[in-house]
1. In units of 2.2 N^0.38 Å, what is the alpha-carbon radius of gyration of the range 84-134?
2. Cβ under 11 Å from Y13's Cβ, Y13 left aside: what net charge do those residues give with Lys, Arg +1 and Asp, Glu -1?
3. Any lysines with Cα under 28 Å of the K224 Cα? List them, leaving off those in the same chain fewer than 8 positions away.
4. First select every other residue whose beta carbon is under 9 angstrom from the beta carbon of K116; then total the charges, Lys and Arg +1, Asp and Glu -1.
5. Full extension from T109 to E46: what is 0.36 nm times the residue separation minus their Cα-Cα distance, to one decimal in nm?
6. Taking the alpha-carbon distance from K65 and a cut-off under 19 Å, which lysines remain once sequence neighbours fewer than 8 residues away in the same chain are dropped?
7. I'd like the trypsin sites (Lys or Arg not before Pro) in the range 6-80 restricted to DSSP loop residues with at most 12 other Cβ atoms within 10 Å, sorted by number.
8. Using Cβ contacts closer than 10 Å as the measure, can you line up E221, E150 from fewest to most?
Amino acid sequence: MRAIAKAYQRAGYSINTVDLFEGHGTGTALGDKTEITALRSMLEQEDEKRLHWLGSIKGNIGHCKAAAGVAGLMKAVMALRNKIIPPSVACLQPNGAFGRPLGVLRPATHGSAWEKPAGQRRRAGVSAMGFGGANAHITLEEADESTVNEAHLAVIHSAQSHELVCLSADSLPALHKRLRRLHEVARQICRAQLTDLSAAVLSGEQRGRYRIAFVSESPWELSKQVEYALGAMDGSDDIHALDASKRGIFAGITRDEPKIAFLSRARVRSASIWARPSFAVTPLYAIFMNESKATWPTCCLSGCAASCWSIPIPSTTTVGRSWSGASATPAWPSPASLPPRSPT
């Protein structure tokens with residue numbers, strides 16, 4: 001009962017607003033009685049009395065052991081989707097725990113249309129019980145019909161049109177070898193296997209610095225893209241020669257040391273304002289400059305010499321607290337202690 005009460009407390013609505021319950025329903029005398037009695041006692045506490053229906057998918061497919069709970073969940077989802085109260089198989093004599101005569105909780109002996117309650121959405125509850133005594137209850141609510149239109153349904157029911165196939169290697173010759181192997185495979189598979197190929201190459205080790213990706217609609221298109229890439233590699237030691245976005249080919253090389261840059265949206269008249277920012281106003285800026293070996297490249301904007309700083313990401317960050325949860329106390333530098341930096 002505590003699991004059921006907690007589920008509806010978190011859901012924010014009363015158990016009395018739930019029309020259909022999918023029970024664990026193992027068919028044991030003690031288990032069924034306990035489950036029915038718990039639901040009945042909670043429903044009968046409500047002031048408003050209405051009918052509620054109880055069923056179990058075990059009458060259809062038997063006990064799925066560890067998957068028993070998810071089987072009941074799937075049944076409840078399908079009932080909400082199709083707006084029906086599904087019947088319980090071979091329920092000729094209701095369990096005595098339902099009461100005589102039947103009360104507000106009843107077995108769903110016959111299938112029927114699920115009429116929408118006034119002022120609310122259709123709702124269902126699903127119970128599952130483990131061998132070790134773990135009890136779980138989940139409550140479901142139908143989606144708002146107004147949020148699903150014909151365009152959404154068209155997307156949901158359509159197949160994915162393209163697949164992303166990615167490769168990487170530590171060198172261009174190694175990448176060339178992998179591309180030749182990919183070309184052989186692409187010529188032998190069907191459209192349905194393209195998805196499997198995409199997943200297979202992505203699940204492998206993709207840690208090489210030289211990388212290439214293909215956006216392909218079919219194995220035939222993938223083979224043509226790989227042929228183009230192999231042709232572009234002949235006689236060239238530049239991986240960027242393989243890049244051809246109009247053909248769905250994207251190639252590049254990763255940096256040894258990733259960089260970040262600070263860009264201010266303020267308009268300034270003097271380059272010296274950029275060259276010597278106010279560390280008193282931006283202490284985090286000062287810490288980055290002190291710890292990250294900042295460089296001052298020639299600015300690409302207006303030709304000024306010190307309009308931007310290119311700053312490698314520090315290997316460790318001691319600002320505030322670390323992401324691992326361990327707290328660190330950094331030595332906060334004062335603006336006066338920072339060494340002056342000149343444009344290169």
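No value in this document is a laboratory result; all are computed from the given coordinates. Here the structure is a predicted model, which is why all the values come from computation and not from measurement. Methodologically, a virtual Cβ is constructed for each residue, glycine included, from the backbone with ideal geometry; neighbour enumeration extends over all protein chains shown.
1. That works out to 1.44 for the range 84-134.
2. Working: positive: R10, R121, R123; negative: E141.
Local net charge: +2.
3. List returned: K177, K246.
4. So the surrounding residues net to +1.
5. 20.3 nm
6. Filter leaves K75.
7. K49, R50
8. Lowest to highest Cβ neighbour count: E150, E221.
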